[in-house]
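Okay, structure first, notes after.
The values are calculated or read from the model by the stated rules, or taken from the named source; none is laboratory data. Computed from a predicted structure; not experimentally measured. A quick note on method: Cβ atoms are made from the backbone with ideal geometry, for glycine too, and the neighbour counts reach across all protein chains shown.
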Amino acid sequence: MSESLQTYLNTKDNASFKQLITLLHNAPQSELDTLVQQAEKGLEDWPDELRELSFRQLSDAEEAPAHFQAELRLLRELSCLAMKSEEMPRLFDAIKQSTNMTHLDISGKLGRGGFKTLMELPELASLRSLVVKGQSNTSIKAVFSATHLDQLRTLRLENGKINSKIIALFRKATHLHQLEELSLDYNKECGDDGAMALATDTPLHQLKVLGLRATLFTDEGMQVIFAQEAFGGVEHLEMTFNEEVGDASMRSFANAPHWNALRILELSETGVRDAGIEALAEAEHLTGLEALSIRGNQLTDVAAKAIAASPVFSELRYLDFNMNRLTTVGLASLLDSPHLQKLKWLGIGNHKDLYGFDSASCEHPLKTQLNERGILPQKGG
């Protein structure tokens, strides 16, 4: 059994961690402590995100308490889908007995009062990352009153009904002011009132990642956000699926030099068109940009040529141009650009004029150029 354990420890991925836990499930109790000690030593240099399990993958605390405790010693990240009321005591026991948990993912309802009770557990003080999906606003308020969560650096409040009143709670929640990542993805009741609250009521000066996917922000809201110097440290901005965020926002963005830390910009399936990309191409503070996602925006060769001609994009490694209106003319401008020499990934799928470029049998000269550059055309999704 020790040999199997070592095999899993030598393969550093989450699948191996889950196999390791399965091995502990089946281990005789007499060998359990020795195996756990070996595993703890072998897992010392593993990143926390690989030491993750779903709650239901843990041993039953009543039927196999020793195995349950052994698994918790190794666990760092726990994910919980919608829980049945009878499972709640077992979940609380797991949290109380785990002294090293750094990440908790709660997706789905926890029953009446369950989420609030969970957030009040002092054992959560070690959390660095909390993901909350599908909870009511009443439940989510518990995060803002849980002052022992002052080690949190990542907070993802997603797939709910978060509005400006909830966002405004950040102002007094000083234990959350050190957040480095905030996601409000898929909260469609945010709207521009939420954008205004985010810009004026959230003293989150340490943010590096800001997720605003499908929040129904418009140009009006985004222009206020772009004007805030407090967001100047953001390195990754996600705005996908906001159809009313368009070229006016990009012009404001281009005139906001304090956003000079940005490395990843996601604008797919928004209202950003060719003129918006042309505005970004003039924004000298975006010269550190390494990834740009602009799929599904009705962009043409005009946008491609603007990107190709601009030294702003000289650090770009990843460009998702899928599902637009690119032709061979635009593709040629991208491949011939002296500024895009670091490009390694190019999405050109779902363009009528470029069908077949992702086929191994394609012999188009531009396909040959892609291969010579080590850039294989990627399919649209």
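Values computed for the structure shown
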| item | result |
| --- | --- |
| Residue in the range 170-195 that is nearest to the chain's Cα centre (by Cα), counting only those that are aliphatic (A, V, I, L, M) and over 25 Å from Glu244 (Cβ atoms) | Leu179 |
| Top-ranked residue of the range 91-107 - restricted to ones that are part of a loop (DSSP other than H, G, I, E, B) and among the hydroxyl-bearing types (Ser, Thr, Tyr), ranked as nearest to the chain's Cα centre (by Cα) | Thr102 |
| Residues being within 19 Å of Ala304 (Cβ to Cβ) and not charged (D, E, K, R) - total across the range 240-286 | 17 |
| Candidates Thr240, Thr218, filtered to the one that is of a type in the set (Ser, Thr, Tyr), modelled with pLDDT of 95 or more and touching a helix residue (DSSP H, G or I) at 6+ places or on another chain (Cβ under 7 Å) | Thr218 |
| Condition broken by Thr215, with the remaining ones in (1) farther than 24 Å from Leu152 by Cβ; (2) touching an Asp or Glu at 6+ places or on another chain (Cβ under 9 Å); (3) surrounded by 22 or more Cβ atoms within 10 Å (Cβ to Cβ) satisfied | (1) |
| Criterion: touching a Gly at 6+ places or on another chain (Cβ under 7 Å), surrounded by fewer than 21 Cβ atoms within 10 Å (Cβ to Cβ) and at pLDDT 95 or above - qualifying residue of Lys165, Lys208 | Lys208 |
| Filter result (among the hydroxyl-bearing types (Ser, Thr, Tyr), at pLDDT 95 or above, surrounded by fewer than 20 Cβ atoms within 10 Å (Cβ to Cβ) and farther than 20 Å from Gly374 by Cβ) within the range 300-336 | Thr300 |
| Selection count, the range 230-253, where residues are within 15 Å of Glu278 (Cα to Cα) and either in contact with a Gly (Cβ under 9 Å, 6 or more places away or on another chain) or free of Cβ contacts under 8 Å to residues at least 12 places away in the same chain (or both) | 7 |
| The range 14-32 residues that are touching a residue at least 12 places away in the same chain (Cβ under 8 Å) and more than 14 Å from Ser2 (Cβ to Cβ), paired with ones that are of a type in the set (D, E, K, R) and outside any loop (DSSP other than H, G, I, E, B) (beta carbon under 7 Å, 6 or more apart) | Asn14/Glu52; Ile21/Glu71 |
| Which listed residue, of Ala146, Ala142, Ala173, Ala195, is under 24 Å from Leu262 (Cα atoms) and touching a residue at least 12 places away in the same chain (Cβ under 8 Å) | Ala195 |
| Single condition Glu229 does not satisfy, out of (1) among the acidic types (Asp, Glu); (2) buried (at least 18 other Cβ atoms within 10 Å of the Cβ); (3) at pLDDT below 95 | (2) |
| Among the candidates Leu124, Leu210, Leu152, Leu198, residue that is among the aliphatic types (A, V, I, L, M), assigned to a strand (DSSP E or B) and within 22 Å of the chain's Cα centre (by Cα) | Leu210 |
| Conditions (1) in a loop (DSSP other than H, G, I, E, B); (2) modelled with pLDDT of 95 or more; (3) over 16 Å from Leu267 (Cβ atoms); number of the one not met by Pro203 | (2) |
| Test: residue in the range 173-190 that is out of contact with any Ser or Thr (no Cβ under 8 Å at 6 or more places or on another chain) and either basic (Lys, Arg) or at pLDDT below 95 (or both) | no |
| Sole residue being surrounded by fewer than 21 Cβ atoms within 10 Å (Cβ to Cβ), farther than 30 Å from Arg273 by Cα and at pLDDT below 95, chosen from Thr138, Thr154, Thr147 | Thr138 |
